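Right, one structure below, let's go through it.
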Amino acid sequence: MSVVAVLTAAGSGSRLGHALPKALVPLRGEALVVHAARRLLDASGAHGPLLDEIVVTAPAEHLDAFVVALAATPTEGPGTPSPGPRVRVVAGGATRQASVAAGLAALGAHLDAGTTVLVHDAARPFAPAELVARVVAAVAAGHEAVVPGLPVTDTVKRVGPADAGGAEPVRATVERADLRAVQTPQGFTLGLLRRAHDEAARHAHDESLAATDDAGLVERLGHAVWVVAGDERAAKITTARDLRVAELLGDA
Ligand code: C5P
C-alpha cells in the first residue's frame, strides 16, 4: 500500500511573534517542520515504514532554508531498509487550503486514486508516529476520510454579537458529549481528497464555504468522514505560550 503526505508549513506564524516562519522556529533544538517530518517518517506498519514520500509546503521566499533544515531529517527509520521515504519542498499558497492544493499538485498525476494521502500541519510537531499509523490503518481498513479527534473537556457556549463593553450574550450551551476537537494528520484516499479540493477551488469566491480543515471539504461532497482517537501530543502550536509549553513537555 502506498502512503504519501502533504506537510503544510507555509504559514507565517504571526501569532507566534517570531521573526522566522513558524515551521522553522526551533523547538528543543530542531525546527517544528523537522519534528513533524521525522515523526511521519518514523510511522511504521507490519511491513516497515509507511511513508513513501512527503511534500512540504513552504513560504515561497524561504524554500532554500526549508531544504537545508529538512536535509537533516533522516530518510530512514532505525533498522529500516533503504531507500527511505523522500522529502520534497514546494512553494505553498496564500491560504492553508491553497498550500494543500499545491502539495497535491506536486505529488504528481502518476499516483493511483487509491493511494493513501495524509495532510499534516508542521504546527503539530509532536504528533507521534503511533497516531500517524492509526490514521493510515483506518484508511487502509476502508474509511476513505479519517481525522484524529479528542473529546472536548471545556463547556462550550454559542454566543451572539458583543455589547459595547465587549461582553457576549450566551445563546446556548452546546452538548459536548458528541463533540471532538480535530487534529492532524488527516488521512484520505488521494482520489477523494483531489475531488474535494477541485470542488472547493470552484467555490473559492464564496467565503461562507471556506473550510478550516481538509475533512471539511470532503464533508461538503456529502462523503462520510470518520474520527479515530487523537493524541494530546499532537497539540497545535499557535502562540508563544504554546511553544513554551511544548519546549517544557517535549513529546512526553
Ligand atoms: O496558521 P495555522 O497555524 O492555522 O496554520 C496551520 C498549518 O497550515 C501550519 O502548519 C501552517 O504552516 C500551514 N499553512 C500553510 N499555508 C498557508 C497558511 C498556513 O501551509 N498559507
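Bear in mind that the values in this text are calculations on the coordinates, not laboratory data. Just so it is clear, the structure is predicted and the values come from calculations on it, not from any experiment. Here the Cβ positions follow ideal geometry from the backbone for every residue, glycine too, while neighbour counts run over all protein chains shown.
Taking the longest Cα principal axis of the chain as reference, the axis of helix 32-42 is set at about 60 degrees.
Taking every C-alpha pair closer than 8 Å and separated by at least 6 residues, the mean separation divided by the residue count of the chain gives a relative contact order of 23 percent. Compute the helix-to-body angle for 129-140: its Cα long axis versus the longest principal axis of the chain, expressed 0 to 90° and rounded to tens. The angle comes out near 90 degrees. Peptides 107-115, 89-97, 219-227 ranked from most to least packed give 89-97, 219-227, 107-115, packing being the mean of other C-beta atoms within 10 angstrom over each peptide's residues.
For the chain, the longest principal axis of the Cα atoms and the long axis of helix 190-202 meet at an angle of about 50 degrees. What do you get for Rg/Rh of the stretch 155-207 when both radii come from the Cα atoms and Rh is the Kirkwood radius? Reported Rg/Rh, Kirkwood definition of Rh: 1.18. Within the chain, antiparallel bridges make up roughly 45 percent of the DSSP beta bridges whose residues both belong there.
In this simple spin-label approximation, A141 and H110 carry label points 7 Å from Cα along the Cα→Cβ vector, and these lie 3.3 nm apart. For A167 and R244, the FRET efficiency from 1/(1 + (r/R0)^6), where r spans their Cβ atoms and R0 equals 45 Å, is about 0.90. Take 166-172, 126-132 and order them by the average number of nearby Cβ atoms within 10 Å per residue, most first; the result is 126-132, 166-172. Over the stretch 104-252, Cα pairs under 8 Å with separation of 6+ residues give a relative contact order of 35 percent. Per-residue extension of 0.36 nm, minus the Cα-Cα distance of A91 and R220, leaves a gain of 43.8 nm for this segment. Treating each Cα of the chain as an identical point scatterer and summing with the Debye formula, the log10 of I(q)/I(0) at q = 0.18 Å⁻¹ comes to -1.53.
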